[in-house]
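The values are calculated or read from the model by the stated rules, or taken from the named source; none is laboratory data. Computed from a predicted structure; not experimentally measured. Reconstructed Cβ throughout: ideal geometry from the backbone, glycine too, with neighbour counts over all protein chains shown. Surface accessibility is based on the protein's heavy atoms, side chains included, excluding ligands, DNA and RNA. Shrake-Rupley method; radii C 1.70, N 1.55, O 1.52, S 1.80 Å.
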Amino acid sequence: MSEIATYRREGRIGVIALNNPPVNALSLALRKGIIACLAEGAADAGAEALVLICEGRTFIAGADITEFDRPPMDPFLDIVIEHLEASPKAVVAAIHGTALGGGLETALGCHYRVAAPSAKCGLPEVSLGLVPGAGGTQRLPRLIGPADAAQIIASGVPVNAKKAHDLGLVDAIAEGDLLAGAIAFAERVVDEKMPLRKVRDLEEKVKNVPEGLFEGLRAEFAQKQRGFNSPQRAIDCVEAATQLPMDAGLKREREIFFEAVTGDQSKAQRHIFFSERAASKIPDVGKEIQAQPIKTAAVVGAGTMGGGIAMNFANAGIPVYLLDSTPELLEKGMGIVRKNYESGVKKGRMTEVQFEQVMGLIRPTLAYEDFANADIVVEAVFEEMEIKKQVFEKLDAICKPGCVLATNTSTLDVNEIAACTKRPESVIGLHFFSPANVMKLLEIVRGAKTSKELIATAFELSKAIKKVGVLVGVCDGFVGNRMVHPYVRESMFLVEEGAAPEQVDQALYDFGFAMGPCAMSDLAGLDVGWRIRKRQAATRPLDERYCDIADKICELGRYGQKTGAGWYRYEPGNRAPQPDPVVTELIAAVRRENSIEARSLSNEEIVERCVYALVNEGARILEEGIALRSSDIDVIYIYGYGFPVFRGGPMFYADTIGLDKVYARVCEFHKQHGGLWAPAPLLKELAEAGKRFTDYRRA
Ligand code: 3HC
Ligand code: NAI
């Protein structure tokens, strides 16, 4: 018998204990181990029933995702589940942590399920671009009904133990020791002669399905999960459970699973799953480097970013000072924070008590002296080097040794900021994205002298505040904003050449972006880019192509949503962009001025030019070592810029297309549109060598 699955007896009950750290994923060895332990339990004359329980932090968290890129290996999970279901002795699953995917499917193969109060159950396969592949879509509807099952499966969102109990997904909640509770339940099964209940035989709930159920679900998820195939396929599977006998339903599910597993969307979503986890692994910052504890925090600047950053600390239970330069500005900043939280209460996302708690953790102040004991200070004042330096000099004088001094700058040189302190090793960039209390991305900017402890601390902090941290190097715009410039610039050229802003936006929205570049610029504020372009004007080569449409829009005082107009106009209280004849006329005038005859552009060209502009800049960033790996760039674009997850991020998408093809198009654009399209040397090198960004590591 394998080490990772062991059989023992406790009184009248046989216990099968699984131990495959970290999350008890169903590797081949574990699958074989379960079958072996079942046989042992069956042969043990003293065992009247069996309990299946896991060691470590969780019940089985699913199939082993690393196996999906290899040919299926026998026994597949469905065989394990058949063994469980066919066991002559009742099997009770004892669930703690998360029973996810294949883990929940395993539990559904057991005759009964007992859960710890903190346990969660779910079928999150759609998050990996899959459908459950070991009977989950056939058994769950039979157990709890197709409507609830389809919600759980198509959303991928787990339910907590109480909800699972209410739905009938688990039979009992074990307060206290889980193993003892599960053994007591198994003894009851024996003593009360409860049947060996096989979920596959429960037909009642899959009969008489409400009319229109599946059409409604398809429409709901087409909207909620726009562009994702797997939720739709998951609904097909649940529908099959209501139409086909069990074995035919299982066959249907398996076909759809294997179709999905080899599809581009699942490959992309699995890439993001592992990339997100890889991002925090920094080659020279090993586990031996200790993170500093963060128990108290402070934020300088109570504006758009500062308020949101303070909310992150408060949400994690960390008391935080929020400082601005006048009582009025502080009051204004606190007012916005309060309004944000109040809207959370109204929407039922937090209780009044939680509201009071988080508000109590944010302490407005005008005095830097209050920061003396802070473990971290995040600066979020105006984007001006001189002001930032003044702030850091003050922090250097007041903060205790070891305090993390972080800047939220989006473009400025973190090394220059660090150099104005006597402790550059304690200075780091923490680049939050707007709205800072919502966006999951945190670019962690490593300065030339930033200490390894600080980097470890930044990653720990990002986990504590539920962000995805990605390490980046110092350059103008770091990774995300540096790439966004050529992307937005290209969208302006497309408009200049003949596309309407709404066509550009629609093409990229249909590609899967959360919004197109014009709508995005309106949201971020057109004045931001305008200021940057004005700053760059002095050094811009005279022969470089330049489009001034956005500048002219700004000259009209149209800065985007905040002024009610930008590329689009906005009705008061409504964020939906409305095409505006004023902008159409402005664009036409620019074309006339530059003797450009508007041509019709295909959506394909729009997508290629915008996305390949991202990819080409990404290749430079990778080559320069500003990002450690191409997957880090993908994570940044997914979590910070609304790039479609099902395409895996810009670099993975380019790999999917084939770098030779991408390179060939970039060369064509270079010929047609000039120097800004010069292919990145790394793109050329990898394309010619038949390689991928995903495998590239800088020497
Ligand atoms: N297979 C392989 N490795 C897995 C895994 C899985 N199912 N789930 C997690 N891991 C790995 C992670 O990659 C990570 O590895 P690393 O330490 O080398 O980076 C390690 O386990 C720990 O994972 P997390 O950092 O995510 O740990 P957390 O405690 O934060 O979260 C979790 C635990 C909630 C279980 C989370 O890991 C998770 O959501 N896992 C995926 C669950 C899932 O999607 N299951 C369905 C799989 S598909 C399936 O079952 C198909 C079936 O229907 C046939
Ligand atoms: P903002 O203008 O909304 O807020 C800045 C705040 O800092 C104001 O309340 C101002 O009164 C205060 N302030 C200025 N000088 C100060 C000083 N010396 N001491 C104390 N308070 C001072 O600006 P925003 O948008 O919040 O930006 C702040 C920083 O965050 C900038 O560095 C910006 O580049 C960066 N950033 C902004 C993003 C955005 O989308 N707005 C996104 C990511 C980073």
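Points worth noting:
- C-alpha center-to-center spacing [the range 666-699, the range 234-270] in angstrom: 38
- A cut-off of 5 Å between modelled amide H atoms, ignoring neighbours fewer than 5 places along the same chain, links Val445 with Gly429, Leu430, His431, Val472.
- Averaged over its residues, the chain has an accessible area of 43 Å² per residue, based on protein heavy atoms and a 1.4 Å probe.
- Measuring between their Cα centroids, the range 624-649 and the range 1-60 lie 40 Å from each other.
- Dipole check for the range 92-183: with +1 at the C-beta of Lys and Arg, -1 at the C-beta of Asp and Glu, and the Cα centre as origin, the magnitude is about 120 Debye.
- For the range 297-472, with all protein chains in place and a probe radius of 1.4 Å, 54% of the accessible heavy-atom surface sits on carbon or sulfur.
- Per-peptide average of other Cβ atoms within 10 Å, ordering 661-668, 238-245 highest first: 238-245, 661-668
- The listed peptides 416-423, 47-54, 28-35, ordered by packing as a protection proxy, come out as 47-54, 28-35, 416-423 (highest mean of other Cβ atoms within 10 Å first).
- Ranked by the mean number of other Cβ atoms within 10 Å per residue, highest first, peptides 427-434, 550-557 order as 427-434, 550-557.
- Separation of the range 446-501 and the range 348-394, taken as the distance between their Cα centroids, equals 23 angstrom.
- Counting only DSSP H runs of at least 4 residues, each contributing -39500 (n - 2.57), and dividing by the residue count of the chain, the helix-based mean residue ellipticity at 222 nm comes to -15000 deg cm²/dmol.
- Unpaired Cys in the chain, meaning no second Cys C-beta under 4.7 Å: Cys37, Cys54, Cys110, Cys121, Cys237, Cys420, Cys475, Cys518, Cys547, Cys554, Cys610, Cys667.
- Within the same chain, lysines fewer than 8 places from Lys671 are excluded, and of the rest, those with a Cα less than 22 Å from its Cα are Lys661, Lys684.
- Shape category assigned to the chain from the gyration tensor of Cα positions, a/c cut at 1.5: prolate
- In this Cβ point-charge picture (+1 for Lys and Arg, -1 for Asp and Glu), the range 5-262 has a dipole of about 220 debye about its Cα centre.
- Taken about its Cα centre, the range 189-271 carries a charge dipole of roughly 300 debye when the Cβ of each Lys and Arg holds +1 and the Cβ of each Asp and Glu holds -1.
- The residues neighbouring Asp74, those whose beta-carbon lies less than 13 Å from its own, together hold a net charge of 0 under the Lys/Arg +1, Asp/Glu -1 convention.
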